[in-house]
Amino acid sequence: MTETTTHHHLPMFCDQCEQTAHGTGCSERGVCGKDPDVESLQKVLLYGLKGMAAYKAHARRLGKTDPEVEAFIEEALFATMTNVNPAVWHGPTGKIDARLLGDIARPLPSPVYYVTGPPGMVGAMRGVLEGLGVADDDVRSEEFFGY
Ligand code: SF4
């Protein structure tokens, strides 16, 4: 007897980025155009990254770091969380640096800046804002530890 193979997509649920449908999750197909196969692969990638990040944090506590691991985690996270669909998003894309912040904030009358993330990132962003002449009072920040 010959078996025929039909290719069935499993149901999709993706909440991997800020563009997610209805603020909850994309099903069927992503707002970004992501299909269920890519979504599954990126889900696996995210699980793997959580494990890598946990070991990376333990290793750092023991005084060991590996730039290759750090670069991989950064690139994989960036690739997963920035599936920007140019048909939907018309704002700027890329790294948040002094130029981008300046361009966005310049037209605003009295902007307040919210920075959240790991201490290194929060510190770096505070430095960028200070370089732009932003007063400390106009910056709210929260640091996440333990991952
Ligand atoms: S990555 Fe794509 S499919 Fe996933 S939540 Fe964002 S827009 Fe939806």
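What follows draws every value from the coordinates through simple rules; no lab data is involved. Remember, it's a predicted structure, so these values are computed and weren't measured experimentally. Glycine also receives a Cβ, built like all others from the backbone with ideal geometry; neighbour counts cover every protein chain displayed.
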### Message
Over the chain, how many pairs of lysines fall under 26 Å by alpha carbon, counting only those 8 or more apart in sequence or from different chains?
### Response
9
### Amide H contacts under 5 Å for S141, placed H, 5+ residues apart
V115
### Query
Simple spin-label model, 7 Å along Cα-to-Cβ: A71 to A59 in nm?
1.4
### Task
Go through region 108-123 residue by residue and turn each phi into a ³J(HN,Hα) via Karplus (6.51, -1.76, 1.60, θ = phi - 60°); whole Hz please, and just put x for glycine and proline.
7, x, 8, x, 10, 10, 10, 10, 9, x, x, x, x, 5, 4, x
### Message
Between 0 and 90 degrees, rounded to the nearest ten: what's the tilt of helix 67-81 against the longest Cα principal axis of the chain?
### Response
70
#### Entry: 222 nm mean residue ellipticity, helices alone, for the chain (DSSP H n ≥ 4; -39,500 (n - 2.57); rounded to 500)
-14000 deg cm²/dmol
### Task
Would you please state which residues of region 63-82 a label at E18 would reach in this model, taking the label point 7 Å out along Cα→Cβ and a backbone N cut-off of under 17 Å?
77-82
### Task
Please report, in debye to the nearest 20, how large the charge dipole of region 24-147 is about its Cα centre when each Lys and Arg carries +1 at its beta carbon and each Asp and Glu carries -1 there.
200
### Message
If packing is taken as the average number of other Cβ atoms within 10 Å across a peptide's residues, how do 97-105, 123-131 rank, most packed first?
### Response
123-131, 97-105
### Query
Suppose every K and R has +1 on its Cβ and every D and E has -1 on its Cβ; what is the size of the dipole of region 13-97 about the Cα centre, in Debye to the nearest 20?
360
